[in-house]
């Protein structure tokens, strides 16, 4: 425990010689586990955990306590410590198909039944798992992790330390047609490409379409959850994270450090500013200024939306109240005219 | 027909010697087909069907009629009878990649270009189709059916009689990051696993994320449609079914026998009780008591929601009515003050 | 440029001898590029482009201008001219698995690790990329393009000139169960098939379920974006296009030339008429007449919806106004009764 405390730069209280062999959540942690506690953790104290990470300044609640600035980060570090990445494949499988013009740097691992097309370049230390397909002229940086079933279409540019999860599709054709009367839609060739910056993570079964011409761009540190759809010619700024099942329509620009909940839809050809936060299922129908927190379809500021939603829940009552007012007024006017006629 | 009637424990009226060779829907059934009729079937009688399954107590409408308690179940049984499962692969393909430490029980079938990692265990009679990828230390029960393109990540636990459709991804990393000011998001390692109970069915391109620590759990008989997203640390009770494109956020608990329509979104860290029913596109933003039927975003009871939606459709009229009231009141007050001044 | 003008049947103004070697968007086009300009293009004139496609009758804005009836179509033609399709695989890979009973016509290309099941038929000139899986008794027409990771289940019927993108799943089981009290859901076998007409395009990770019995049908020229879900027994008319993440529930019929934005949900067993247009995130809860433009959940005509949404944004204010009216009326009535009592 003492070693862990040093590593985390944590203030340790309790017995420094407790032996820690694993990481668990607060509820299930046992005497040889480390876990973390926050004010929002359901209070099932006392925990049986061998040690508990808390925020600096938290009360003394546990036998062994590690006080740190950012408990979540310390917890992540413990997970990294006890669960270092174990590569899934050794070397280059003889059952992979690799075009002779492809260049693989040192330490690249390729699983069986993967294919790597002509003129591809794979950076040092990257893992290409079984059944990954990489089309021609794609460049992948160093220390990337491409999981089984992912497909990367031709001409893609992937940075360093990128993780692409199972079944993700990078660089499929954008959705563009010319519609003429009395004819079936006419496909517009999609001849651009996708570029993904360093430290991005692309969720399982997520799709990022290639641009019509030019580039569909994810800057460094963009995090996409599963089943996200990124249309052609979209640009996304650094550090932005989009939760599962979000869809960004073509040619839209998303700023830096944007956070979206699940199932958010964003219209085409608009701009969403830096640090915008959108609640789940928001429908963003027009451009949004930097720093706004929004919700609803069409989107509103979350404060307006909350007030309006409270009102919406009682809309039927409101109709009743208006009806009552109308009746009262009618009665009143009838009385008045009676008086007048009197 | 007589044999079928016996098998279905049905009350047969009409000619028991009619020869039945297939199953069809009501509209397309011919003289050698069996089909079923319900009160909701568009009434295009007389049907040309050789035999019609009806609910016990239904009127005599067809030449050959089989009266049963649950016509849908009898129809399913007929489909099973006339379309028994035909395995897609014989034995273990020499073109599959199977780690020597993997254990395959008797009668397992594996298609070409499938991979089965170290320490995996596949139960008797399970079919692993072409191009399925199973990562290390995954246990799969007996009589499972894993379709092409599905990927199962390391340490997963899959029960017996489970069906996993094409492109489904079991055990991809949950979506968890620590966000610090002025830095790119820092990934929290996802070191837990996914457990799936007996008789579950997982739709095409559906994703079930592994937990951060601990387990993401589907109990027995959970049915997920296509493109469903299950976040990390979610628990789902037995018999629950979620329609296509539903998304369940992390650490949420869904009860037993819950039914959700398509595109429902569920917030994180909440609890949805047993037998809850949610209409399509519902946004479940907080915990829901057992037995409720809900709709809307944020969710409401379906009765409230229907009343409010009727009102919403005439909201613009309501604004007009309030405006009229305000005008009437203003006029009235003006008159009053005139009178007073007189 | 002169040659291009002839090919596009365009009216050329400026120097016909300019050499054009590429196609670019308006912003990035250089002196040897052709691009197009529309009244909606953000006006960053003068463009450095070598030539600009404009609509016939547009003002003379650029050195070299090609005036045509439909600029988008002319632009698509230029992309086709400068970026002709380059096949990804030569001949039939010895590393593909092809059942001896499958029939491949002339000029079919098959990548490594693809599988083609018994009794399949692949038409002349079709490309089956690496890692595509085609189950038994599937017929694919001529000049189709099936990208890596796509899976086509047994008995499918695919027309000519069809494009199926990476990870798409054609013919997975429909989502159908019988629910009985106190029991897990009982699966209804899905024994029908999927038929896809000529010139259809199926997006990445899109799913089209096979029918229970009979057919799930896409007529000619249907265009599906990524991550679309088509339920069992759905029928879609010619020329219809559905944007990303739309979901069509079972047994619904969609007409011809329908256009849906992203994330639209459509209920089961309903009918959506020809030429209906639905805005993103619309929830179509009942049948829609031909030619309507709709939005909202539940759907309304777009005009009604817009009026109601404007009202909804000020709903909280409206509640305040009703409250004020109630107060005014109460005061008034109090005064009146005072007068009366006087």
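Computed from the coordinates by the stated procedures, all read-outs in this text should not be read as laboratory data. Owing to the predicted nature of the structure, the values given are computational and were not obtained by experimental measurement. For neighbour counting, all protein chains shown are included, and Cβ atoms are generated from backbone atoms with ideal geometry for every residue, glycine included.
With label points defined 7 Å past Cα in the direction of Cβ, position residue B:292 shows copy-to-copy spacings of 3.0, 3.0 nm, given to one decimal and shortest first. In terms of its C-alpha gyration tensor, segment B:46-112 comes out prolate, because a/c is 1.5 or above and the ratio a/b outweighs b/c. Among B:228, B:264, B:23, the residue with the largest mean-square fluctuation in a Gaussian network model of chain B, with springs joining Cα atoms closer than 10 Å, is B:23. With Cα atoms defining each centre, segment B:316-333 and segment B:109-139 are spaced 71 Å apart in the structure. Semi-axis lengths, largest first, of the ellipsoid equivalent to segment C:89-162 are 15, 13, 12 Å, with √(5λ) applied to each eigenvalue of the Cα gyration tensor. Only helical runs count toward this figure. For the protein assembly as shown, summing -39,500 (n - 2.57) over DSSP H runs of n ≥ 4 and dividing by all residues gives -5500 deg cm²/dmol at 222 nm.
Overall, the anisotropy analysis places the protein assembly as shown in the rounded class: the square-rooted eigenvalues a ≥ b ≥ c of its C-alpha gyration tensor yield a/c less than 1.5. By its C-alpha gyration tensor, with a ≥ b ≥ c as the square roots of the eigenvalues, how is segment C:214-264 shaped: rounded for a/c under 1.5, else prolate for a/b larger than b/c, else oblate? Oblate, since a/c reaches 1.5 and b/c is not below a/b. Label-point spacing at residue C:306 relative to the other copies reads 3.2, 3.2 nm, in ascending order, each point sitting 7 Å out from Cα along Cα→Cβ. What base-10 log of the normalised intensity I(q)/I(0) is obtained for segment B:34-171 from the Debye formula, alpha carbons as equal point scatterers, at q = 0.14, 0.17, 0.18 Å⁻¹? After summing over all Cα pairs, the log10 values are -0.67, -0.79, -0.84. Taken over the alpha carbons of segment B:126-202 as equal point scatterers, the Debye sum produces base-10 log I(q)/I(0) values at 0.13, 0.23, 0.25 Å⁻¹ of -0.44, -0.98, -1.12. With N as its number of residues, segment A:196-280 has a Cα radius of gyration that, divided by 2.2 N^0.38 Å, comes to 0.93. What's the center-to-center distance, using Cα atoms, between segment A:247-267 and segment A:277-307 in Å? Centre-to-centre distance over Cα atoms comes out at 12 Å. The distance linking segment B:11-44 with segment B:185-245 is 39 Å (Cα centroid to Cα centroid, whole angstrom).
DSSP beta bridges fully contained in the protein assembly as shown are about 10 percent antiparallel. Take the Cα of residue B:119, step 7 Å along the line toward its Cβ, and report every residue of segment B:126-152 whose backbone nitrogen sits under 18 Å from that point. Only B:134-141, B:152 fall inside the zone, counting backbone N under 18 Å. Spin-label pair residue A:3-residue C:306: with each label point 7 Å from Cα along the Cα-Cβ axis, the two points sit 6.8 nm from one another.
Among B:207, B:90, B:120, which one moves the most in a GNM of chain B with springs linking Cα atoms closer than 10 Å? Sorting by GNM fluctuation, first place goes to B:90.
What FRET efficiency, computed as 1/(1 + (r/R0)^6) with R0 = 35 Å and r the Cβ-Cβ distance, is obtained for residue A:334 and residue C:292, rounded to the nearest 0.05?
With R0 = 35 Å, the Cβ-Cβ based efficiency is 0.25.
Put simply, chain B fits an ellipsoid with semi-axes of 47, 38, 14 Å; these come from the alpha carbon gyration tensor as the roots of five times its eigenvalues, largest first. Looking at segment C:1-138, the DSSP beta bridges with both ends there are about 15 percent antiparallel. Shown for residue B:330: label points 7 Å from Cα along the beta-carbon vector, and their distances to the equivalent points in the other copies, 2.3, 2.3 nm in ascending order. Gyration tensor analysis over the Cα atoms of segment B:98-253 returns equivalent ellipsoid semi-axes of 26, 18, 13 Å (largest first, whole Å).
Computed from the C-beta positions of residue B:182 and residue A:271 and an R0 of 22 Å, the FRET efficiency is 0.45 to the nearest 0.05. Using the Cβ-Cβ distance between residue C:11 and residue C:86 with R0 set to 45 Å, the FRET efficiency from 1/(1 + (r/R0)^6) comes to roughly 0.90. Considering only B:94, B:112, B:71, the mean-square fluctuation computed in a Gaussian network model of chain B, springs between alpha carbons under 10 angstrom, is largest for B:71.
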